[in-house]
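Rule-based calculations on the coordinates, nothing more; no lab input. Computed from a predicted structure; not experimentally measured. Cβ coordinates were reconstructed from backbone atoms using ideal geometry, including for glycine residues, and neighbour counts include every protein chain displayed.
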Ligand code: ADP
Ligand code: MG
């Protein structure tokens, strides 16, 4: 690859991270979610390199290079490479137009913290190659192939939400997405005197992938039990509370709790969408607290650090809602907070958190923003 200062990209792609206001772990259960793309992103610089097969990808964040021969793609033992390789494989499965390219990746997203740097990485790469070689894939195909890449090459049994939000996000809009039909509504978010504050625990208890997959299996186990009575059911989406109660005695208590959480959470997301449409941020925020309670006690994927941050906020009237976000066992909380209190609150909670855990947190505001997009550079700009 050319030295950095000689790198004249043909295309620059911005691929955002995402937040999810509510709908924790409902996506891989075919449920409802309420995400938005955010104003923090991964930037990709792309150019064709004239070869048929050789792709050079640099991650500036990791200061690492990956050289891929398109004729010989296989999974790697190096974690981040599998996101790249997985996407390339999916693209090759769908098109014969992909050729060699160079790509530089630089990210302003915290990695592994629940803001979905992984989906931003997959979707930005897929989007850029789609543009560069005119593969004519739709936005939906880009989201789906990115999800497939993460499932097959990384091994996460993830749903479609992260990729969907990263690709389809719009400025000041929240997506109310049905992960079963993939239909979505864009709901305007009028934050007025409020802001969305992300607080990163800066802990990762390293259980995420295994527990993530375990939860997915527990939900599937619940569906299997329910199917014995209701054989048309194929996911928890088709299950009501009364159906679950009918079969409660035939399932492990833990499986019952997981299913109960998902069914209740789907109801909360639908309510939250209504509150958002009516601009009732107070009731909307209350649902975030309820969601956290469910994730903590029923779905059991929280941790002390996340619980501390959410509990701390409960005493503050100027915080309307707070919950853990993402895979669990660390990462970030999402908070809706009155704008005049943001700075003092960050100071206060940072100090309290450090006193408790001897760890420094990070806190920053985000805003619902545009999904993956690109700029074509003109010849003049290139030179
Ligand atoms: P999240 O999506 O919440 O950030 P994940 O564990 O799903 O957390 O994805 C994080 C992984 O994505 C990283 O471990 C790394 O493999 C990959 N990744 C994300 N951003 C980058 C980047 N800028 N460079 C290289 N790899 C990245
Ligand atoms: Mg991820």
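Laid out as a table, the results:
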item	result
Geometric extent, Cα atoms of the chain - Rg, Dmax (angstrom)	21.2, 71
Listed residues 144, 185, 89, most fluctuating in the chain (Gaussian network, C-alpha, under 10 Å)	185
Tilt relative to the chain, helix 253-277 - C-alpha long axis, 0 to 90 degrees, to 10	80 degrees
Computed over region 272-322: relative contact order in percent, which uses C-alpha pairs under 8 Å that are six or more apart	41 percent
Percent RCO, i.e. relative contact order, over the chain, from Cα pairs under 8 Å lying at least 6 residues apart	25 percent
Hull volume in cubic angstrom per residue (convex hull over the Cα atoms of region 154-256)	177 Å³
Between 0 and 90°, nearest 10: helix 342-357 axis offset from the chain longest Cα axis	80 degrees
Square roots of 5 times each gyration tensor eigenvalue, C-alpha, region 260-306, largest first, Å	22, 13, 5
P(r), alpha carbons of region 68-144 - 10 Å bins starting at zero, rounded %	17, 53, 28, 3
Highest-MSF residue in the chain out of 162, 14, 69 [GNM, Cα springs under 10 Å]	69
Over 17 Å [Cα-Cα, region 264-343], rounded percent	44 percent
Using alpha carbons only: equivalent-ellipsoid semi-axes of region 45-96, gyration tensor based, whole Å	18, 15, 10
Sorted by Cβ density within 10 Å, fewest first, the residues 324, 251, 243	243, 251, 324
Region 296-348, relative contact order [Cα under 8 Å, separation at least 6], %	31 percent
Listed residues 278, 200, 335, most fluctuating in the chain (Gaussian network, C-alpha, under 10 Å)	278
Rounded to 10°, Cα long-axis angle of helix 79-94 versus longest principal axis of the chain	70 degrees
Label-to-label distance, nm, for residues given as residue 214 and residue 170 (7 Å Cα→Cβ offset)	4.1 nm
